[in-house]
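Novice: Just passing along the structure, written as structure tokens.
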Amino acid sequence: MMKLQREGKLDQWIKANLSWLKETFGEENLVSCVLHMDEKTPHLHATIIPIVTTERKRKEREGNKKYATKSGPRLSADDVMSRGKLFQYQNTYAVAMKQFGLQRGVVGSTARHKTNGQYYREQMLKYEDDIERLQAEVEKAREGRSKILSFFGTGELAEAKKKLSDKDKQIEKLQQRIAQLEQEQLQLKEQHKTELAKYRNGYMAEIDKAIKRAEIAERKSIAHEATIEKQKQRIDTLDRKANPHRYCLSSGATLTGIRMSPRHSNIPSLRIQTKVENETFEDAKYFEWYNPVIQKYLNGELTEYELVNEIFEPFEQVSQVQAQLLGATFEMLSGGPAQTHVGTGGGGSSSDMPWERRRMIII
């Protein structure tokens with residue numbers, strides 16, 4: 001790729017790529033193709049819409065059941081990027097790029113992409129091996145030089161001087177090569193540090209942006225939820241003022257507690273606790289989930305007070321003592337003085353549930 005750039009053939013290569021993309025995926029499906037020069041070699045980023053017109057293929061499932069298929073234009077990345085198609089793309093692309101000296105990868109190769117870290121480690125080990133090998137050759141040359149020095153007393157001085165000079169040159173050349181490799185090794189280390197710092201800074205910047213976006217979203221969410229809650233409270237307050245009858249018991253007592261069985265309960269019940277002055281009373285009833293009143297309450301159409309008034313009669317909401325405290329008001333609302341009513345379902349008043357006074361009635 002660098003050779004193509006140096007020879008001024010990059011534009012031809014781009015045109016050949018555009019032609020291959022249009023022919024392979026359809027000109028109408030090619031959204032964009034951008035040249036990137038931000039890495040060691042030029043490369044293209046192409047955006048393709050996976051529109052296909054072939055018939056949709058569906059596997060038969062559940063015995064011999066047939067599934068209807070549709071034809072016509074549709075989006076299908078599975079069709080465009082299937083294993084067979086990818087293999088075909090590699091073959092046709094290799095043919096299109098042959099004029100630029102580019103070759104297809106080995107078919108069925110088990111080679112895997114190396115990470116930057118792995119590549120740098122392998123390069124560092126190679127440098128270390130080369131330096132170690134050259135240092136061994138320097139030691140060997142020095143041993144030869146020492147052996148030559150022993151010839152000085154033998155009368156073969158001229159020949160010894162020449163061999164000594166050759167060894168000195170060999171040692172100097174080896175040392176220069178070692179220094180060069182050590183310099184390249186140092187540069188590789190610095191390059192690796194620089195790239196790691198760039199990636200780290202990029203990641204940290206992205207993390208900071210993500211945190212800021214999350215904080216802004218959270219503040220907006222909190223403000224939005226607070227506004228909604230405020231409006232809900234306002235609506236509730238206005239509704240209480242406009243419809244006070246929806247927020248009081250028909251008996252005149254104060255509702256201090258209400259508890260409905262969980263939705264998965266087989267024998268659901270509604271339990272209430274009322275209070276008149278310091279006198280409290282607890283009562284409970286069984287019901288069926290399909291009861292229209294229960295369904296309205298679950299759908300938010302009834303308040304808790306309306307639910308209790310629908311399920312419990314006024315005289316079932318208070319005890320005799322509470323009724324006496326309420327006096328004439330209770331009699332007017334209930335149509336008569338309070339009476340003790342014991343139900344016939346679910347154990348009635350003889351139940352061992354932890355209620356001091358209760359009446360259990362199936363509705």
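Novice: Using mean Cβ contacts within 10 Å as the protection proxy, how do 232-245, 88-101 order, highest first?
Specialist: Working: 232-245: 10.4, 88-101: 13.1.
Answer by packing, highest mean first, reads 88-101, 232-245.
Novice: Would you kindly state how much longer the chain becomes between Phe87 and Asn29 on full extension, computed as 0.36 nm times their sequence separation minus their alpha carbon distance, in nm to one decimal? Walk me through the intermediate numbers first.
Specialist: On the way: separation 58, 0.36 × 58 = 20.88 nm, distance 2.00 nm.
Going from the current span to full extension adds 18.9 nm.
Novice: Considering amide H positions built from the backbone, and no H for Pro or chain starts, which residues 5 or more places from Leu302, or on another chain, come under 5 Å of its amide H?
Specialist: Those qualifying (amide H under 5 Å, at least 5 residues apart or on another chain) are Tyr297.
Novice: Continuing with this model, one more query. Counting only protein heavy atoms and a 1.4 Å probe, tell me what percentage of the range 196-289's accessible area is made up of carbon and sulfur. Walk me through the numbers before you get to the answer.
Specialist: Values: 3650 of 6750 Å².
Heavy-atom surface of the range 196-289 belonging to carbon and sulfur, 1.4 Å probe: 54 percent.
Novice: Which order do you get for Glu122, Glu139 if you rank them by accessible area with a 1.4 Å probe, largest at the top?
Specialist: Details: Glu122 70, Glu139 95 Å².
These residues rank, largest area first, as Glu139, Glu122.
Novice: Okay, next question. 7 Å from Cα along Cα→Cβ at both His113 and Met37: what's the point-to-point distance in nm?
Specialist: Here the modelled spin labels are 2.4 nm apart.
Novice: What net charge do the residues around Ala242 carry, taking every other residue with its C-beta under 14 Å from that of Ala242, with Lys and Arg at +1 and Asp and Glu at -1? Please list the in-between numbers first.
Specialist: Values: positive: Arg234, Arg240, Lys241, Arg246; negative: Asp236, Asp239.
Taking every Cβ under 14 Å from that of Ala242, the sum is +2.
Novice: Right, another one. Full-extension gain between Leu238 and Lys15, please, as 0.36 nm times their residue separation minus the C-alpha to C-alpha distance.
Specialist: Details: separation 223, 0.36 × 223 = 80.28 nm, distance 7.08 nm.
Between Leu238 and Lys15, full extension yields 73.2 nm more.
Novice: Rounded to whole Hz and in sequence order, give me ³J(HN,Hα) for the range 221-234 from the Karplus expression 6.51 cos²θ - 1.76 cosθ + 1.60, θ = phi - 60°, writing x for Gly and Pro.
Specialist: Rounded to whole hertz, the list is 5, 4, 4, 5, 5, 5, 5, 4, 5, 5, 5, 4, 4, 5.
Novice: Determine ³J(HN,Hα), in whole Hz, for all residues of the range 201-209 in sequence, where each value follows from phi through the Karplus function 6.51 cos²θ - 1.76 cosθ + 1.60 and θ = phi - 60°; x replaces Gly and Pro.
Specialist: Listing the rounded values in order: 4, x, 5, 5, 4, 5, 5, 4, 4 Hz.
Novice: Right, next: Given a 1.4 Å probe and the protein chains all in place, what does the accessible area of Lys162 round to, in Å² to the nearest 10?
Specialist: Looks like 130 Å² after rounding.
Novice: Using DSSP to define loop residues, name the chymotrypsin sites (Phe, Trp or Tyr not before Pro) in the range 208-316 whose beta-carbon has at most 15 other beta-carbon atoms within 10 Å.
Specialist: Taking the range 208-316 and a limit of 15 other Cβ atoms within 10 Å, the loop chymotrypsin sites (Phe, Trp or Tyr not before Pro) found are Trp289, Tyr290.
Novice: Follow-up. Quick check: the distance between the Cα centres of the range 191-230 and the range 72-87, to the nearest angstrom?
Specialist: 36 Å
Novice: Based on the mean of other Cβ atoms within 10 Å per residue, sort peptides 204-217, 13-26, 176-189 so the most packed one is first.
Specialist: Details: 204-217: 10.0, 13-26: 15.6, 176-189: 13.4.
The most tightly packed comes first, giving 13-26, 176-189, 204-217.
Novice: In a shell of Cβ-Cβ distance under 13 Å around Met97, excluding Met97 itself, what net charge do Lys and Arg (+1) and Asp and Glu (-1) give?
Specialist: On the way: positive: Lys9, Lys15, Lys98, Arg104; negative: none.
Combined, the nearby Lys, Arg, Asp and Glu give +4.
Novice: What does the net charge come to around Ala217 if you take all other residues with beta carbon closer than 14 Å to its beta carbon, with K and R at +1 and D and E at -1?
Specialist: Working: positive: Lys209, Lys212, Arg213, Arg219, Lys220; negative: Glu215, Glu218, Glu225.
Result for the neighbourhood of Ala217: +2.
The values are calculated or read from the model by the stated rules, or taken from the named source; none is laboratory data. Bear in mind that the values here come from a model prediction, so they are computed numbers and not experimental data. Please note: Cβ atoms are built from the backbone with ideal geometry, for glycine as well, and neighbour counts cover all protein chains shown. Just the protein is used for accessible areas: all its heavy atoms, side chains included, with ligands, DNA and RNA removed. Shrake-Rupley method; radii C 1.70, N 1.55, O 1.52, S 1.80 Å.
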